[in-house]
Ligand code: SF4
Ligand code: SF4
């Protein structure tokens, strides 16, 4: 997994709902299909809501891991 | 002019504190009013009231300050416009609903559609005590179904398809109720903690969490008033096309078990939720997929669910 090429990064640890997802969505929209976005987000509300919304928009979550206090998501841009 | 207050009440005209003034109650259909209806209400409020409406907690609108001499004119006008007036007294009230699956991203069930169906069957029915019904599309319970005599809450049962699971652990993190834990790299679910809102299903990257049963949890015995009480689950996973039948069963059980002057909450408090549940005797659909222990909610823990969700 770790030798995946990351095409863009986003840190939403300073944001709250719904900006967390809005920023993620906007970033993904600027990317090409199949490219990979790395998102760093907080525990609690963001980790409960961002993945579901990302999946709901047709993107693919390919990795989730704890990173210190936060989480790291790798998302593959969908259609 | 002699006034039959009961007739007036049925037509949505309620007596106001000030002599010879009435409050006219209108209702919405599962919370929606069209822009046309809003304009008509605005015009009526200008013409017969004081130019404002009071928005009620049950998704209705009231025009106060209607003078007794305007009663006939206004009644005729309401009829011609086809606006729906509300009711009060010992009847089944307007069925309220959250926006639900039609537009809400969390929605599991079409709460508005269900509410409209129930409203069509039950609104205005004369019952021993006032009876309120509310429908919510998911366990977030925005329409406060647990505060109503009868409440419906959309729910979904997550089932793990283990072959698909990549062991990423996301479900453990997205579950707002810590119902999932990772054991040997695979999720296990504690059914007693699961609130049936399906975040694991809608988040799982590999679709390993799938939908088992989907339907309404049926609550009974909620009320606010002077002695508030939360409803408790009396039937599970009622499918969309059986809601009317299941509500009918609750009303029937209430009819059999109640004593004079009781609301459903009082009856349940007296006989216990188990006895009430047994009287409702809803069998519903059984899960074919589910391989774990019998859903913890079917037993005595139903009371806890009421508390948790409320
Ligand atoms: S109860 Fe659920 S479906 Fe209804 S508005 Fe709230 S979050 Fe949406
Ligand atoms: S349905 Fe909700 S509460 Fe139940 S296990 Fe899934 S995420 Fe947790």
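In the condition set (1) outside any helix (DSSP H, G or I); (2) without any contact (Cβ under 8 Å) to a residue 60 or more places away in the chain; (3) farther than 30 Å from residue A:52 by Cβ, residue B:277 is compliant with all but (1). Checking residue B:144 against (1) assigned by TED's automatic domain parsing to the domain that holds residue B:182; (2) closer than 18 Å to residue B:26 by Cβ: exactly one of these is not met. Which one? It fails just one condition, (2).
Check B:166, B:155 and return the single one that is assigned by TED's automatic domain parsing to the domain that holds residue B:235 and not in a strand (DSSP E or B). Write out each step before concluding.
Working: B:155 fails: not in a strand (DSSP E or B).
Matching residue, one of B:166, B:155: B:166.
If only one of B:128, B:145 is under 16 Å from residue B:250 (Cα atoms) and at pLDDT below 95, which one is it? Talk me through it step by step, then tell me what you get.
Numbers: B:145 fails: at pLDDT below 95.
It is B:128.
Of all residues in the stretch B:134-143, those that are more than 6 Å from ligand 1 (Cβ to nearest atom) and within 14 Å of another protein chain (Cβ to nearest Cβ) total 1.
Pairs linking a residue in the stretch A:32-49 that is loosely packed, with under 13 Cβ neighbours inside 10 Å to a residue that is assigned to a strand (DSSP E or B), with Cβ atoms under 7 Å and 6 or more positions apart or on different chains, are A:34/A:76.
Report yes if residue B:268 is within 23 Å of residue B:120 (Cα to Cα) and at pLDDT 95 or above, otherwise no. Here the answer is no, as residue B:268 does not meet what is asked.
Scanning the stretch B:175-193 for residues that are buried (at least 22 other Cβ atoms within 10 Å of the Cβ) and within 16 Å of ligand 1 (Cβ to nearest atom) yields a count of 0. The listed residues are B:49, B:60, B:31, and the only one of them that is in contact with a strand residue (DSSP E or B) (Cβ under 7 Å, 6 or more places away or on another chain) and in contact (Cβ under 8 Å) with a residue 40 or more places away in the chain turns out to be B:31. All of (1) away from ligand 1 (no atom under 15 Å from the Cβ); (2) in contact (Cβ under 8 Å) with a residue 12 or more places away in the chain; (3) more than 14 Å from every other protein chain (Cβ to nearest Cβ) hold for residue B:158 with one exception: (3).
Here's the yes/no breakdown for (1) under 30 Å from residue A:71 (Cβ atoms); (2) within 14 Å of chain A (Cβ to nearest Cβ); (3) within 16 Å of ligand 2 (Cβ to nearest atom):
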residue	(1), (2), (3)
B:132	no, no, no
B:145	no, no, no
B:164	yes, yes, yes
B:170	yes, yes, yes
B:199	yes, yes, yes
B:207	yes, yes, yes
B:216	no, no, yes
B:228	no, no, no
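The values are calculated or read from the model by the stated rules, or taken from the named source; none is laboratory data. Treat the numbers as computed from the prediction; the structure is a model and nothing was measured. Ideal geometry is used to build each Cβ from the backbone, glycine not excepted, and the neighbour counts take in all protein chains shown.
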